[in-house]
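What follows is a single structure, written as structure tokens, with notes after it.
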Amino acid sequence: MSEVSTQKEGNKSTKIIIIILCALALAVVVLAILHQGNISERLELQADGAFLVTVGADTHHVSMSDLRSIGAVAVSSSPRGVSRDFTGVPLVRIFDYFGIDYFEAETVIFTALDGFVTAISIAEALDETNTFIVFEEDGQPLGTREEGGLGPYMVVVARDQFPNRWARYLMEITLQ
């Protein structure tokens with residue numbers, strides 16, 4: 001009698017596992033479909049050489065010509081003791097150029113094309129000598145991910161000893 005009982009419990013456990021696996025597979029498919037448009041929009045932005053700055057319901061498209069109009073500066077940083085030289089724009093100048101109201105924000109979130117997300121405080125973002133959106137390294141464009149590059153845009157937090165909060169392939173900046 002106990003063999004029959006054990007066999008029924010084993011069949012029940014197998015059915016539960018199969019149902020859970022099917023539900024997980026369905027969830028993956030649904031999420032992939034939902035994010036497909038978002039990814040294609042971001043790839044299009046990258047192809048156009050632009051990224052987004054979002055504050056609440058307002059979204060601004062930032063292009064290379066915008067950054068050049070703002071005025072590029074030389075940026076030097078030495079993460080892990082290795083000196084690197086970039087050309088970019090202080091993040092706060094981008095906010096000012098587009099008239100972005102950052103006074104209510106506490107955090108700035110950077111999202112990259114590869115899914116990497118990092119954040120800094122608004123105080124760090126407003127420091128003209130610390131947080132930059134760069135587009136060149138050693139006078140050369142960063143290049144896209146598909147080209148084996150780091151860009152076309154990358155976030156550099158110049159005073160960080162390690163580049164953990166740097167975001168390659170920048171696609172969106174969100175103020176919260």
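The values are calculated or read from the model by the stated rules, or taken from the named source; none is laboratory data. Please read all numbers here as calculations on a predicted model, not as lab measurements. Note that each Cβ is placed from the backbone with ideal geometry, even for glycine, and that neighbours are counted across all protein chains shown. Ligands, DNA and RNA are stripped out before the accessible areas are found, and what is left, the full protein with its side chains, is counted by its heavy atoms. Shrake-Rupley method; radii C 1.70, N 1.55, O 1.52, S 1.80 Å.
See the values below:
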read-out	value
Residue in the stretch 130-148 that is farthest from ASP85 (Cα to Cα), counting only those that are assigned to a loop (DSSP other than H, G, I, E, B) and charged (D, E, K, R)	GLU146
Residue count, the stretch 101-111 (criterion: closer than 16 Å to LEU52 by Cβ and part of a loop (DSSP other than H, G, I, E, B))	2
All positions within the stretch 117-144 that are within 13 Å of the chain's Cα centre (by Cα) and open to solvent by 50 Å² or more (accessible area, probe 1.4 Å)	VAL117
Test result for ASP114, open to solvent by 80 Å² or more (accessible area, probe 1.4 Å), within 28 Å of GLU44 (Cβ to Cβ), acidic (Asp, Glu) and assigned to a loop (DSSP other than H, G, I, E, B)	no
Residue in the stretch 89-104 that is closer than 21 Å to ILE70 by Cα, in contact (Cβ under 8 Å) with a residue 40 or more places away in the chain, open to solvent by 30 Å² or more (accessible area, probe 1.4 Å) and out of contact with any Leu (no Cβ under 7 Å at 6 or more places or on another chain) present	yes
Of residues in the stretch 1-21 being at pLDDT below 85 and either touching a Phe, Trp or Tyr at 6+ places or on another chain (Cβ under 7 Å) or of a type in the set (A, V, I, L, M, F, W, C) (or both), the one least open to solvent (accessible area, probe 1.4 Å)	VAL4
